[in-house]
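Below is one structure; the comments refer to it alone.
Where a number appears in this text, it was derived from the coordinates with a stated rule and is not lab data. Please read all numbers here as calculations on a predicted model, not as lab measurements. Cβ atoms come from the backbone with ideal geometry, glycine included; neighbour counts cover every protein chain shown.
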């Protein structure tokens with residue numbers, strides 16, 4: 001396989017990228033100046049060695065201090081965040097959108113996916129073990145008082161919310177931790193990453 005075809009296949013592994021779009025990326029790179037391509041290669045090399053995953057929220061972030069045994073992102077390590085609140089999300093893009101909205105100052109946990117209806121082993125799809133361990137530790141340390149569900153308003157999102165909520169209730173007392181949900185002001189089928197600032201702020205303020 002020649003480099004052009006090999007690069008096309010690599011681009012096709014990107015989310016939402018088909019053969020035609022992948023080819024466009026390849027032709028774009030072929031037309032670009034060598035300096036741009038050198039910058040791209042250099043940045044990918046840096047990402048290879050500095051890209052890390054937070055051990056608490058599972059967010060990916062850049063960290064030049066790769067010698068730390070337990071990497072924490074800037075949010076989880078910040079002393080200015082409200083550690084009593086934990087918001088459950090599907091993916092990193094949702095976290096980015098919420099941070100951009102600027103209405104929430106608590107902590108996060110990224111599930112890494114959603115549970116399809118009728119799935120027999122949902123624990124193999126999302127980070128439910130890691131989440132329950134995190135919540136159990138926070139309860140022991142008496143740092144958490146509320147878990148906020150912020151998953152997509154879709155069939156998959158609803159199934160995931162129901163499963164995660166049921167699992168959490170097995171390890172926490174309702175009087176210890178409040179389980180809340182964003183208000184249904186979010187349109188059905190809408191991905192959280194596309195929600196505008198005011199809509200999210202309203203959904204957060206009217207959570208139940």
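Points to keep in mind about this one:
- Gyration tensor (alpha-carbon) shape descriptor, region 1-94, a/c threshold 1.5: prolate
- Pairwise label distance in nanometres, residue 96 with residue 5, each label 7 Å out on the Cα-Cβ vector: 3.3
- The chain: angle of helix 34-50 to the longest principal axis, Cα-based, in degrees nearest 10: 40
- Angle of helix 92-101 to the longest C-alpha principal axis of the chain, folded into 0 to 90 degrees and rounded to 10: 70°.
- Fraction of antiparallel bridges per DSSP, the chain only, in percent to nearest 5: 20
- Stokes-Einstein D in µm²/s, Kirkwood radius over Cα pairs - region 115-208 at 4 °C with 1.567 mPa s viscosity: 90
- Exposure proxy order (Cβ contacts within 10 Å, fewest to most) of 63, 96: 96, 63
- Virtual spin-label span in nm between residue 78 and residue 121, 7 Å along Cα→Cβ: 3.8
- Under the criterion of Cα pairs below 8 Å and six or more residues apart, the relative contact order for the chain equals 16 percent.
- Among 150, 97, 22: highest mean-square fluctuation, GNM of the chain, C-alpha pairs under 10 Å: 22
- Residues residue 142 and residue 14, FRET efficiency given R0 of 30 Å [Cβ-Cβ distance, rounded to 0.05]: 0.10
- Helix-only [θ]222 nm of the chain, DSSP H runs n ≥ 4, -39500 (n - 2.57) each, per residue, nearest 500: -13000 deg cm²/dmol
- With respect to the chain, whose longest principal axis is taken over its alpha-carbon atoms, helix 19-31 is tilted by about 50°.
- In this simple spin-label model, placing a label point 7 Å from the Cα along the Cα-to-Cβ direction at both residue 44 and residue 201 gives a separation of 4.1 nm.
- Each listed q (0.10, 0.17, 0.20 Å⁻¹) maps to a log10 I(q)/I(0) for region 50-208, found by the Debye formula over equal Cα scatterers with no solvent: -0.35, -1.05, -1.45.
- Gyration tensor over alpha-carbon atoms, region 98-146, equivalent ellipsoid semi-axes in Å: 24, 18, 7
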